[in-house]
1. Taking the range 50-68, which residues are assigned to a helix (DSSP H, G or I) and free of Cβ contacts under 8 Å to residues at least 12 places away in the same chain?
2. What do you reckon, is Trp71 more than 14 Å from the chain's Cα centre (by Cα), surrounded by 17 or more Cβ atoms within 10 Å (Cβ to Cβ) and either among the charged types (D, E, K, R) or assigned to a helix (DSSP H, G or I) (or both)?
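The values are calculated or read from the model by the stated rules, or taken from the named source; none is laboratory data. Computed from a predicted structure; not experimentally measured. FYI the Cβ positions are ideal-geometry reconstructions off the backbone, even for glycines, and counts take in every protein chain you see.
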Amino acid sequence: MHGPASSGWLLVALCAVTGAYCLVRMRSGGEALMGFGMAAMAVPAAVFSPPPWAWLAYASVFGAAAVHALWAARAGARHLHHLAGASAMVYMSVVMAVSPAHAHGQGASGVPLLTGALLLYFAGYVLLTGVRLVPVPAVAGSGGGGSAPWGDRPELARACRLSMGIAMVAMLLTL
C-alpha cells in the first residue's frame, strides 16, 4: 500500500499480531489468513515493492478464500463478512497489480465507486463492532474470575475483528 512508512509499519504490526492471535485460537484460519495477508500488503512500498506477479498471487489466494467464504455462507450469514473481506483483498490486489506505484487516483476525480462502497461497509462494521465491545455489567454468580482461557475470551475475538476492520479501512484509504 502507498502511504507514510510509519503508518504502514503500524498496520503491518497490527495485522501480524491479529493474524497470530487468530492462528493461536485455531478456530478461524480465514481470519489468520486475512491478518497475515493484510500485514504483507501493508509493508511500505519504500521498503519493499513486490513484483507484479505477487499481487496476482495475492488475488488468487484471496479469491480462493472468497469462494470458501461464499460456500460457508450457506451455513450462516456470519460468513458474508469474510466474503466481503476476502473480496476487498482481491480488489486491492488487482488495483495494485494494474497501477504503477503512486499513480492511484490520477486521471480520475474522487474515489472509485467500489472503493467507496467497501469503505462504507468496513467503516460501518468498525462502528458496530466497537459498540459491541462496550462492557456490559457482569451477571451475578457468573464467576467473574475469568474461567475461560485467554484464547476463548469473546472480547478478544471482537477486538481482533475490530482491529482488522480498522486496518482494512486504512488500507482502502491509501488505495
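1. Trp53, Ala54, Ala57, Ser60, Ala64, Val67
2. Considered against the rule, which asks whether it is more than 14 Å from the chain's Cα centre (by Cα), surrounded by 17 or more Cβ atoms within 10 Å (Cβ to Cβ) and either among the charged types (D, E, K, R) or assigned to a helix (DSSP H, G or I) (or both), Trp71 comes out as no.
A quick yes/no check of all residues on (1) over 20 Å from the mean Cα position of the chain (by Cα); (2) assigned to a helix (DSSP H, G or I); (3) modelled with pLDDT of 85 or more:
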residue: Met92; (1), (2), (3): no, yes, yes
residue: Ala108; (1), (2), (3): yes, no, no
residue: Gly116; (1), (2), (3): no, yes, yes
residue: Ala157; (1), (2), (3): no, yes, no
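Here's the yes/no breakdown for (1) within 12 Å of Ser163 (Cβ to Cβ); (2) modelled with pLDDT under 85; (3) in a loop (DSSP other than H, G, I, E, B):
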site: Met1; (1), (2), (3): no, yes, yes
site: Leu10; (1), (2), (3): yes, no, no
site: Ala16; (1), (2), (3): yes, no, no
site: Gly19; (1), (2), (3): yes, no, no
site: Val24; (1), (2), (3): no, yes, no
site: Leu33; (1), (2), (3): no, no, no
site: Gly37; (1), (2), (3): no, no, no
site: Val43; (1), (2), (3): no, no, yes
site: Phe48; (1), (2), (3): no, yes, yes
